[in-house]
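What follows is a short report on a single structure.
The values are calculated or read from the model by the stated rules, or taken from the named source; none is laboratory data. Bear in mind that the values here come from a model prediction, so they are computed numbers and not experimental data. Cβ coordinates were reconstructed from backbone atoms using ideal geometry, including for glycine residues, and neighbour counts include every protein chain displayed. All accessible areas refer to the heavy atoms of the entire protein, side chains included, with ligands and DNA or RNA removed. Shrake-Rupley method; radii C 1.70, N 1.55, O 1.52, S 1.80 Å.
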Amino acid sequence: GENVEQHPSTLSVQEGDSAVIKCTYSDSASNYFPWYKQELGKGPQLIIDIRSNVGEKKDQRIAVTLNKTAKHFSLHITETQPEDSAVYFCAASWGYQKVTFGTGTKLQVIP
Amino acid sequence: GAVVSQHPSWVICKSGTSVKIECRSLDFQATTMFWYRQFPKQSLMLMATSNEGSKATYEQGVEKDKFLINHASLTLSTLTVTSAHPEDSSFYICSARVGVPAEKLFFGSGTQLSVL
């Protein structure tokens, strides 16, 4: 089955700096890669996603890049703000197969 | 995005009692919903896939008699934790897939269950 590794497990950045979270996946059949933000005591919220036919996608301060050859994808957050502090999960799936989640990254943005 | 409503947000119960958690899709129909369990500082663990009008599919190691799932309509799935014990205390989250193809997974707000 699919295996998704996520790094780092914790990340502290100064407000205004950029944050990068990286994930690797094992199943070359995976073609959909979402990113979720989870605040304490809440369910995960889909913040951005990318399909395998696209190399990069951007939405305001967040962007995701995908390298299918290397089976890597990354989340980039620019101009970080304190409200960006949360746990971020990457995930991978294809078709109607179950979604496999990474282990999560706790991002702390220091004011 | 699609809205998935989950209730209650938190529940405290005595050991041996049963607890029901509801998950509703508010602005779309969900033939399939998913139930996850999450321990503190850990990732999401898929417990079961809930299919409207048929039996749920449970992941390996999940006791189907302990965690009863009912998906009686296209907008409602319920998870009942039967004869709850302290080890069942956890954060339970439901989700549903939306879109064509149905790739996007939207989550409910989660239910924190504490069994005394």
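Remarks
- Applying 1/(1 + (r/R0)^6) with R0 = 41 Å to the Cβ-Cβ distance of B:THR57 and A:LYS57 gives a FRET efficiency near 0.85.
- Residue by residue along A:49-55, Cβ atoms of other protein chains within 10 Å of the local Cβ number 1 on average.
- Amide H to amide H, with H built 1.01 Å from N, B:MET47 comes under 5 Å of B:TRP35, B:TYR36, B:ARG37, counting only residues 5 or more places away or on other chains.
- For a 4.7 Å threshold on C-beta separation, the list of partnerless cysteines in the protein assembly as shown reads B:CYS13.
- Portion, in percent, of the accessible area of the stretch B:51-90 that falls on carbon or sulfur, probe 1.4 Å: 49 percent
- Those residues of the stretch B:74-116 for which accessible area with every protein chain present is at least 50 Å² below the isolated value (1.4 Å probe): B:ARG97, B:GLU103, B:LYS104, B:LEU105, B:PHE107
- Size of the A/B contact, given as accessible area buried on both chains, probe 1.4 Å, in Å²: 1600 Å²
- Chain A, accessible surface, carbon-and-sulfur percent (1.4 angstrom probe): 48 percent
- Across the stretch A:37-48, coupling constants 3J(HN,Hα) worked out from phi with the 6.51/-1.76/1.60 Karplus curve, θ = phi - 60°, read 10, 10, 8, 4, x, 10, x, x, 10, 5, 10, 6 Hz, and Gly and Pro carry x.
- Whole-Hz Karplus values for the stretch A:82-96 come out as x, 6, 7, 4, 4, 9, 10, 10, 9, 7, 9, 6, 8, x, 9 Hz, taken residue by residue from phi with 6.51 cos²θ - 1.76 cosθ + 1.60 and θ = phi - 60°; glycine and proline positions read x.
- Peptide A:37-46 has a mean shielding of 6, counted as Cβ atoms of other protein chains within 10 Å of each residue's Cβ.
- Highest GNM mean-square fluctuation among A:ILE47, A:ILE21, A:ILE77, for chain A modelled with Cα contacts below 10 Å: A:ILE47.
- Taking every residue in A:91-98 and counting other chain Cβ atoms within 10 Å of its Cβ, the average works out to 3.
- The H on the amide N of B:LYS104, modeled in the peptide plane, is under 5 Å from the matching H of B:VAL98, each at least 5 residues off or on a different chain.
- Extending 7 Å from Cα along the Cβ direction at A:GLU5 and again at B:SER9 yields two label points whose distance is 3.9 nm.
- Ligands, DNA and RNA are left out, and with a 1.4 angstrom probe the accessible area of chain A is 51 Å² per residue.
- Residues of the stretch B:22-62 whose accessible area, computed with a 1.4 Å probe over protein heavy atoms, drops by at least 50 Å² once all protein chains are present relative to their chain alone are B:SER43, B:LEU44.
- Rounded if a/c under 1.5, otherwise prolate or oblate - the stretch B:24-69, Cα gyration tensor axes: oblate
- Computed from backbone phi with θ = phi - 60° and the Karplus coefficients 6.51, -1.76 and 1.60, the 3J(HN,Hα) list for the stretch A:56-65 is 7, 9, 10, 9, 6, 8, 10, 8, 10, 10 Hz; x is used for glycine and proline.
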